[in-house]
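The values are calculated or read from the model by the stated rules, or taken from the named source; none is laboratory data. None of the values given here were measured: they were computed from a predicted structure. Note: ideal-geometry Cβ built from the backbone for every residue, glycine included; neighbour counts use all protein chains shown.
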Amino acid sequence: MVTLSSVIRPLASHLHRQLLRHTRRSQWLTPVRGCNLTACSSRYVLSQMHPMWQGPLAVPGGDRQSPIDIVVRKSVFDSQLKHLIADYDPTTCQQIWNNGYSFLVEYDDTTDKSTLKGGPLQDKFRLCQFHFHWGESNAWGSEHTVDRRLFPAELHLVHWNSDKYSLFEEAVMEDNGLAVIGVFLKVGKRHDGLQKLVDALPAIRHKGSVVEFTKFDAGCLLPNNTEDYWTYHGSLTTPPLTESVTWIVMKQAIEVSHDQLAVFRSLLFTSAEEEVQKSMVNNFRVQQPLRGRTVRSSFSPFLKESPSDQDDQHTH
C-alpha cells in the first residue's frame, strides 16, 4: 500500500491520502456489474475486481453514494444553473503518480490559481487533481452511465471548496466540500491534448511510481460544450466514500483513440517487486442507488442535439 511515507511529494492535501486506506491484498472477485445490452454485444462478464471492493467498507451516511445511472427523462431541468467557469493555470501542474488504483495528475492547490466556479456552485473550488476510470475493453469503464449506457472511460477533475475550508483533508469530510467534474471518454480520433499525458504514462507503469509532470492544462480535457451537464449530490467513488461531493457530469463526451486507451491499460495495479503482475483495468466502483435524490440538468432533456454538435470534441 502506497502511503505518503513511501512517496516523496510536495503536497499534503490530496485525495491519495485517503484513496487506498481500506484496500487489502486478496483474491479477485467477479463484480456485480456486467455488460448491458446498449454497451455490450456479448454476454461477457467482467473477470476481476480490485481488492478495494472485496471487503465491507464503512460508508458514512450511506444515502448519497456515487456513481449512479443518470436517467435522462427523470432529470429535472433547472434554468437557474449557471455556466461553469473553469480557470486552470497549467503552471500549477506538478506530478503524476500510480497509486495502485488509477494514476493521479496533481496540482498545487495552495493558492487560487486553478479554480472552478459557477454551474451549481455558490463558492470557489480549487483543482487538486484529476484521474480516470476505465475498463478492460472499450465496451465499459465509466463509473456513471446515461440511460444505462456505458462509456470506455471517465475523467474526474477533483476540486475542493477554498472559500469554506483551508485544506483538502478538511473539505473532503464536510458538506459542500468537494466538486468533481465527470467527463465521459468515447473512442474515435486521437485527442491531441491528452497525448502529452499518455506519453508520460510508461514512466509510472508500476504502483508507487511518481514522476514530475508540469505545465499541463487540465482545461484541454473538457468538452467544447460545458454548458450542458447534469448535477447531483453524491460521494467520492473511492474510500473514504464521504458524501461531500457536488457532481457535475458533462453531457458531451470527449473523443480519444483506441491506442491512447490501450496505454491506460498497460499500467499495473502492482509494484515492480510483486511476483504476480496485474493489469490496471476495471478500476471503477459499481453503481449505487439514487435513494430519492434529484438529478438536475442545465438543459432541457427533450431538446435533441444535431449529430455535428454531438461529435464536436476538443482535440487539441
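From (1) more than 25 Å from SER66 (Cα to Cα); (2) out of contact with any helix residue (DSSP H, G or I) (no Cβ under 9 Å at 6 or more places or on another chain), pick out the condition that doesn't hold for THR231.
With (1) more than 25 Å from SER66 (Cα to Cα); (2) out of contact with any helix residue (DSSP H, G or I) (no Cβ under 9 Å at 6 or more places or on another chain) applied to THR231, the lone miss is (1).
Just need a number here: residues in region 137-166 that are buried (at least 17 other Cβ atoms within 10 Å of the Cβ) and at positive phi.
1
Please find, within region 224-269, the residue that is surrounded by the fewest Cβ atoms within 10 Å (Cβ to Cβ) out of those that are charged (D, E, K, R) and touching a Lys or Arg at 6+ places or on another chain (Cβ under 8 Å).
Within region 224-269, the match that is surrounded by the fewest Cβ atoms within 10 Å (Cβ to Cβ) is ASP259.
Output the number of residues of region 144-172 satisfying the condition of being acidic (Asp, Glu) and assigned to a strand (DSSP E or B).
1
Within region 203-210, is even one residue at negative phi and either crowded, with 23+ Cβ neighbours inside 10 Å or in contact with a Ser or Thr (Cβ under 6 Å, 6 or more places away or on another chain) (or both)?
Yes.
With ILE181, ILE85 as the choices, which residue is modelled with pLDDT of 95 or more and touching a Gly at 6+ places or on another chain (Cβ under 8 Å)?
ILE85 is the lone residue from the list that is modelled with pLDDT of 95 or more and touching a Gly at 6+ places or on another chain (Cβ under 8 Å).
Look at region 71-82 and say how many of its residues are surrounded by 12 or more Cβ atoms within 10 Å (Cβ to Cβ) and under 15 Å from PRO120 (Cα atoms).
Of the residues in that region, 5 qualify.
Condition first: under 21 Å from THR91 (Cα atoms) and hydrophobic (A, V, I, L, M, F, W, C). Now tell me which residues in region 133-179 satisfy that.
Answer for region 133-179, where residues must be under 21 Å from THR91 (Cα atoms) and hydrophobic (A, V, I, L, M, F, W, C): LEU155, LEU157, VAL158, TRP160, LEU167, PHE168.
Does region 57-70 contain at least one residue that is closer than 18 Å to LEU150 by Cα, surrounded by fewer than 20 Cβ atoms within 10 Å (Cβ to Cβ) and either at pLDDT 95 or above or small (Gly, Ala, Ser) (or both)?
yes
What's the total number of residues in region 104-134 that are in a loop (DSSP other than H, G, I, E, B) and either surrounded by 24 or more Cβ atoms within 10 Å (Cβ to Cβ) or touching a Cys at 6+ places or on another chain (Cβ under 7 Å) (or both)?
2
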